[in-house]
1. Pick out, from the stretch 1-97, the strands (runs of 3 or more DSSP E) lying fully within it that include 1 or more residues that are at pLDDT 70 or above and within 27 Å of residue 110 (Cα to Cα).
2. Report, ordered by the first and then the second residue, all pairs with beta carbons closer than 8 Å, sequence separation of six or more or different chains, a first member in the stretch 1-14 that is closer than 14 Å to residue 41 by Cα, and a second member that is surrounded by 10 or more Cβ atoms within 10 Å (Cβ to Cβ).
3. Do you know which residues across the stretch 20-62 are β-branched (Val, Ile, Thr) and either under 15 Å from the mean Cα position of the chain (by Cα) or under 22 Å from residue 113 (Cβ atoms) (or both)?
4. Name every residue in the stretch 39-53 that is on the phi > 0 side of the Ramachandran plot and not acidic (Asp, Glu), in order of residue number.
5. Report every pair of residues separated by at least 6 positions or lying on different chains whose Cβ atoms are under 9 Å apart, first residue within the stretch 35-60 and in the same structural domain as residue 25 (by TED's automatic domain parsing) and exposed (fewer than 11 other Cβ atoms within 10 Å of the Cβ), second part of a strand (DSSP E or B) and charged (D, E, K, R).
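The values are calculated or read from the model by the stated rules, or taken from the named source; none is laboratory data. Not measured: the values here are computed from a predicted model. As a convention, Cβ positions derive from the backbone with ideal geometry for all residues, glycine included, and neighbour counts pool all protein chains shown.
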Amino acid sequence: MQVKELKELLKRSHRDGDNVSICVFRPGTIGGTPAVPLKSAYAGFDWDQGKFLLEPEAPVELVDSDVAARNEPRLPTVSTLALQQRLVDLLKNPKTNSDWNNAIRLFISDVRRGRVR
């Protein structure tokens, strides 16, 4: 993107009160787009001549996919068979609604964390 394209987009925007943020990649998130607030914007000089730089409030590190894969937290997985066994146990020994609610809440938590395969 060139500065003239950014200027045109900003000119067409009618949302002057919005906060400016930079999208960041964060796999597995639910909800709004992960983003970091913008701290500053300025024209580069010296080695950055010919660049218009956007500076985020929080540090954002560029990581290649191999490094990202190595640093990704290893969560234990819950197989669908184990999940089925949990539900069968509840069916055999029906208890209270809270037991069902807890089982469903645990399942949703496991899915969100990517622990169900």
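1. Qualifying strands (runs of 3 or more DSSP E): 21-23, 35-43.
2. Filtered contacts from the stretch 1-14: 3/52; 6/52.
3. Listed by number, the residues that qualify are 22, 24, 29, 30, 33, 36, 60.
4. Across the stretch 39-53, the qualifying residue is only 50.
5. 40/55; 58/39
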